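Notes follow once the structure below has been shown.
The values are calculated or read from the model by the stated rules, or taken from the named source; none is laboratory data. From a predicted model like this one, the values you see are computed outputs, not experimental measurements. Virtual Cβ from ideal backbone geometry, glycine too; neighbours counted across all protein chains shown. SASA here: full protein model, heavy atoms, side chains in, ligands and nucleic acids out. Shrake-Rupley method; radii C 1.70, N 1.55, O 1.52, S 1.80 Å.
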Amino acid sequence: MIALIDYDAGNMKSVEKALQLIGEDVIVTRKPGEILAADKVILPGVGCFGDAMENLHHFGLVPVIKQVVERQTPFLGICLGLQLLFERSEESPGVEGLGLLKGEILRIPAEEGLKIPHMGWNDLTFPNKGRLFAGVLEHSYVYFVHSYYLKAKEEGIVTAATEYGTYIHASVEKGNLFACQFHPEKSSSVGLQILKNFAGIKGGN
């Protein structure tokens, strides 16, 4: 069973449908017991970093997420879900992220002719080997929608990157903690392969 954490940040239905399409059992929940009992957990989301952290605290989900990660249960952050795993974001100064990974979220620099948000298909390079990308060719295209991007402190955890006005850390992996800035659920067959790879990862206990 894969638990999708519902914290009123949107983007649940498309992730749920994509997982069902690849034959996975899915539950959308904010109940700690259901999240902790799941074989795998996904934190999707679109929206503002500060509002999302406020919601996670409001629903009592911060300690639950940290417990899931400590247990080495496979955990995947998608889009805003990636950003929340880190320490801080320029979008919401003074708001602490989950701090499960070291790094910060920065605004994509303005540049003539560059539309922000970064919205649409872009290709990936693989600076480090990542289990999410087994069977995925380098320079495959995936779908992005974001105005802020990750700059991870540990280069070794970055498993995919892209270029859009700057060098963007597009996916990370540390232990059984994974995250993608792009939307695998909207990335056609490549995205479904990434979700299948995540679904096949074994837990730590």
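General remarks:
- When we screen 120, 135, 99 for residues that are part of a loop (DSSP other than H, G, I, E, B) and under 18 Å from the mean Cα position of the chain (by Cα), the only hit is 99.
- Scanning segment 94-115 for residues that are of a type in the set (D, E, K, R) and at pLDDT 95 or above, we see that the one that is most open to solvent (accessible area, probe 1.4 Å) is 96.
- Residue list for segment 145-154, restricted to those being part of a strand (DSSP E or B) and open to solvent by 30 Å² or more (accessible area, probe 1.4 Å): 145, 148, 151
- Residues in segment 131-149 that are closer than 17 Å to residue 104 by Cβ and either touching a Gly at 6+ places or on another chain (Cβ under 6 Å) or hydroxyl-bearing (Ser, Thr, Tyr) (or both): 147, 148, 149.
- Consider segment 117-138 and keep the residues that are in contact (Cβ under 8 Å) with a residue 12 or more places away in the chain and out of contact with any Phe, Trp or Tyr (no Cβ under 9 Å at 6 or more places or on another chain). The one that is farthest from residue 172 (Cα to Cα) is 135.
- Scanning segment 3-22 for residues that are farther than 17 Å from residue 202 by Cα and either in a strand (DSSP E or B) or open to solvent by 60 Å² or more (accessible area, probe 1.4 Å) (or both) returns 4, 5, 8, 13, 17, 20, 21.
- If you go through segment 155-172 and keep only what is open to solvent by 10 Å² or more (accessible area, probe 1.4 Å), small (Gly, Ala, Ser) and modelled with pLDDT of 95 or more, you end up with just 156.
- Selected residue (criterion: most open to solvent (accessible area, probe 1.4 Å)) from residues of segment 173-189 that are farther than 16 Å from residue 73 by Cα and in contact with a strand residue (DSSP E or B) (Cβ under 6 Å, 6 or more places away or on another chain): 186
- Residues in segment 66-93 that are buried (at least 22 other Cβ atoms within 10 Å of the Cβ) and assigned to a helix (DSSP H, G or I): 6 in all.
- Any hit, segment 172-180, residues being out of contact with any Asp or Glu (no Cβ under 6 Å at 6 or more places or on another chain), of a type in the set (Val, Ile, Thr) and within 15 Å of residue 80 (Cβ to Cβ): yes
- Some residue of segment 29-45 being modelled with pLDDT of 95 or more, closer than 22 Å to residue 199 by Cβ, open to solvent by 30 Å² or more (accessible area, probe 1.4 Å) and among the small types (Gly, Ala, Ser): yes
- Every pair of residues 6+ apart whose Cβ atoms lie under 7 Å, when the first sits in segment 64-77 and is at positive phi while the second is open to solvent by less than 70 Å² (accessible area, probe 1.4 Å): 72/175; 72/176; 72/203; 72/204
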